[in-house]
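Notes to accompany the following structure.
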Amino acid sequence: MNIRLAATALLALGVGAAHAQQTGKPEDTEVWEPVPKVVTPGKTVGDAPNDAIVLFDGKNLDQWTSTDDHSVAAPWPVSGGMFTVKKGTGNIETKRSFTNYQLHLEWRVPANISGTGQARGNSGLFLASLGKGDLGYELQMLDSYNNKTYVNGMAGSIYKQLIPLANPTRKPGEWQVYDIVWTAPTFAAGGAMATPARVTVLLNGVLVQNNVTLKGPTQYIGPPSYQAHGAAPIKLQAHGDKSEPLSFRNIWIRELSADK
Ligand code: MG
């Protein structure tokens, strides 16, 4: 009898190794604590659950400020339940800082978009803003419905680092939905990176980044590298395309503890 046949015979007799370890009662492996907290979900998927911090509910930008001057209110106009990038005013970011979180955000490239490549509906969601301008970790927003560009710069990419797993973007003029789980990097007392940032991203319900590891904050030129930081705002980019700018709606966040 060869080895394969012998193994098959043993399995048929029910004397495999896995079986041999199954002693005790079913209750021995039941866990009853800690009991997960009760969260009341939104009316539909995409609506904020009751433990979320609503960052934009269609009415005002009270939760936001100018990235380059925190004494200035976010200068982007709110209208019709959405807000829109205002050219020449720079980026905006949340007044609050966050570490690990689940984030929901909806964005729309205008239907009459013009331009090509990176100059076509470009914005960005900085998962942690590390200062003025574009400092931070950028999840790209761009018209990628029918617009060729470098693939680590298309919608769903971690800009210049990670190509999305798929391209589920909708046409310009239609709303796109990001659902994100961000795990912030951690740093040792001396400032060296201890654990890198990780992120999971769904775009329009399709997985585009699967718990990927970031090499550091976004670098436009050259390789990224980590520098120690703590909790950080979430930032939206005013890229300065010549065509009409992007709009946003329904933004909410759930803070997560370090080990969840
Ligand atoms: Mg961008």
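Please go through region 173-185 and pick out each residue that is more than 16 Å from the ligand (Cβ to nearest atom), crowded, with 16+ Cβ neighbours inside 10 Å and not hydrophobic (A, V, I, L, M, F, W, C).
Across region 173-185, the qualifying residues are Asp179, Thr183, Pro185.
In this structure, is Lys86 basic (Lys, Arg), surrounded by 14 or more Cβ atoms within 10 Å (Cβ to Cβ) and either within 14 Å of the ligand (Cβ to nearest atom) or more than 17 Å from the chain's Cα centre (by Cα) (or both)?
yes
Of all residues being open to solvent by 70 Å² or more (accessible area, probe 1.4 Å) and under 15 Å from the mean Cα position of the chain (by Cα) in region 204-252, which is farthest from Pro49 (Cα to Cα)? Just the residue, please.
Filtering first and then ranking leaves Thr213.
Would you be able to say whether some residue in region 161-178 is out of contact with any Phe, Trp or Tyr (no Cβ under 9 Å at 6 or more places or on another chain), in a loop (DSSP other than H, G, I, E, B), modelled with pLDDT of 95 or more and on the phi > 0 side of the Ramachandran plot?
Yes, some residue in region 161-178 is out of contact with any Phe, Trp or Tyr (no Cβ under 9 Å at 6 or more places or on another chain), in a loop (DSSP other than H, G, I, E, B), modelled with pLDDT of 95 or more and on the phi > 0 side of the Ramachandran plot.
Out of (1) open to solvent by 40 Å² or more (accessible area, probe 1.4 Å); (2) away from the ligand (no atom under 16 Å from the Cβ), the odd one out for Ala197 is which?
All conditions pass for Ala197, except number (1).
Can Thr183 be described as modelled with pLDDT of 95 or more, more than 15 Å from the chain's Cα centre (by Cα) and among the β-branched types (Val, Ile, Thr)?
no
I'm trying to understand the selection: among the residues of region 133-150, which are farther than 16 Å from Val199 by Cα, in contact (Cβ under 8 Å) with a residue 40 or more places away in the chain and either in contact with a Ser or Thr (Cβ under 6 Å, 6 or more places away or on another chain) or polar (S, T, N, Q) (or both)?
If the condition is that a residue be farther than 16 Å from Val199 by Cα, in contact (Cβ under 8 Å) with a residue 40 or more places away in the chain and either in contact with a Ser or Thr (Cβ under 6 Å, 6 or more places away or on another chain) or polar (S, T, N, Q) (or both), then no residue fits.
Name every residue in region 113-159 that is over 12 Å from the mean Cα position of the chain (by Cα) and not in a loop (DSSP other than H, G, I, E, B), in order of residue number.
Hits for region 113-159 are Gly117, Gln118, Ala119, Ser123, Ser129, Gly136, Val151, Asn152, Gly153.
I need a count of the residues in region 151-172 that are touching a residue at least 12 places away in the same chain (Cβ under 8 Å) and either surrounded by fewer than 18 Cβ atoms within 10 Å (Cβ to Cβ) or more than 19 Å from Arg108 (Cβ to Cβ) (or both).
Of the residues in that region, 13 qualify.
Can you tell me which residue is nearest to the ligand (Cβ to nearest atom) among those in region 95-121 that are within 15 Å of Val85 (Cβ to Cβ) and open to solvent by less than 10 Å² (accessible area, probe 1.4 Å)?
The selected residue is Gly121.
The values are calculated or read from the model by the stated rules, or taken from the named source; none is laboratory data. Computed from a predicted model, the values in this text were never measured in an experiment. Note that we place each Cβ from the backbone using ideal geometry, even for glycine, and neighbour counts take in every protein chain shown. Just the protein is used for accessible areas: all its heavy atoms, side chains included, with ligands, DNA and RNA removed. Shrake-Rupley method; radii C 1.70, N 1.55, O 1.52, S 1.80 Å.
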